[in-house]
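**Student:** Structure provided below as structure tokens; questions to follow.
What follows is calculated from the coordinates using simple rules that are stated; it is not laboratory data. These numbers come from a predicted model, not from an experiment. Cβ coordinates were reconstructed from backbone atoms using ideal geometry, including for glycine residues, and neighbour counts include every protein chain displayed.
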Amino acid sequence: MTTATEQSTSHSGLISSSDVNGTAVYSPSGDHIGEIDHLMIDKVSGKIGYAVMGFGGFLGIGEDHMAIPWAKLHYDRDRGGYVSDITKEQVEGLPLREDDWARDRDWEKQTYSHFGLPYYWL
């Protein structure tokens, strides 16, 4: 299996979603802030809406998972992971996710507005 780093350096720039899962996310200063658990992809458009990230915890215990808009992540070849300028305050201030959050357009609007981003579905 190829790694996210190997995939990202290929000529096409394509990467399998399975290779994105588990990839580290760093702050602009290089601090490790979490890992991507999985992606949420719009079934119709194919656009990635969110990276569900794990923050904190140890060996998966006590880890929080938050849906971060995909537009807040940018791949860094040198780090072999994604970089995001999200802050702890932004993560702590995210709208609460109910069980059906992935089908709740109001929640999505609040989340994208929280980060000052255009909606992925437009």
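**Student:** Within a Cβ distance under 15 Å of P118, other residues only, what is the Lys/Arg minus Asp/Glu net charge?
**Tutor:** Neighbourhood net charge equals +2.
**Student:** In addition: Please report the antiparallel percentage of DSSP beta bridges with both residues in the stretch 17-122, rounded to the nearest 5.
**Tutor:** Beta bridges within the stretch 17-122, antiparallel portion: roughly 90 percent.
**Student:** Another question about this same structure. Two decimals is fine: what's Rg over Rh for the stretch 74-122, C-alpha atoms, Kirkwood radius as Rh?
**Tutor:** Computed over Cα atoms, the ratio is 1.05.
**Student:** How far apart, in nm, are two points set 7 Å out from the Cα along the Cα-to-Cβ line at D85 and at S17?
**Tutor:** The answer from the label model is 2.9 nm.
**Student:** Another question, then. Under a Cβ-Cβ cut-off of 11 Å, what is the net charge of the residues other than G22 that fall near it, where Lys and Arg count +1 and Asp and Glu count -1?
**Tutor:** -3
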